[in-house]
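Throughout, read-outs are computed from the coordinates displayed, never taken from laboratory work. Remember, it's a predicted structure, so these values are computed and weren't measured experimentally. With ideal geometry, Cβ positions are generated from the backbone for all residues, glycine too; neighbour counts draw on all protein chains shown.
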């Protein structure tokens, strides 16, 4: 599971909110797809810059993640570096592209367990559910004397 941290949780929620408000979404575009939108949030790059970075090598996000090399110097590998630095794993990014992480999907409402990878509303639901799982993990692992539970929720939601 991703390294639960406030910055990642905020990035997931910000991405979900932007998509929920109607941001340009196109699953077949490397900068406007599921991973592309999260990359926009984390890197602050435009969809065009992310898409252009991906064109240096063949493949969709899953293939690019499989071929990722931190020493390659390829532009999309640098984008992936920033995403990994946020605490996400390569496997989780591959799951994001297909909305298929078992640990996230099992927490979805029963009638929404089988999401369509290219459906904006399903992406928003997945991102928000993922953020909730990371938030719960973060709160559960706080030293009990450090921050009372009710205050931790306020800190994360701000």
Two pseudo-spin positions, 7 Å from Cα along C-beta at residue 132 and at residue 119, lie apart in nanometres by 1.7
Share (percent) of C-alpha pair distances in the range 66-149 greater than 20 Å works out to 47
In whole angstrom, the spacing between the Cα centers of the range 17-57 and the range 94-124 equals 18
Expressed as a percent, the portion of alpha-carbon pairs in the range 1-110 spaced more than 22 Å apart is 26
With -39,500 (n - 2.57) per DSSP H segment of 4 or more residues and division by the full residue count of the chain, the 222 nm estimate, nearest 500 deg cm²/dmol, is -17500 deg cm²/dmol
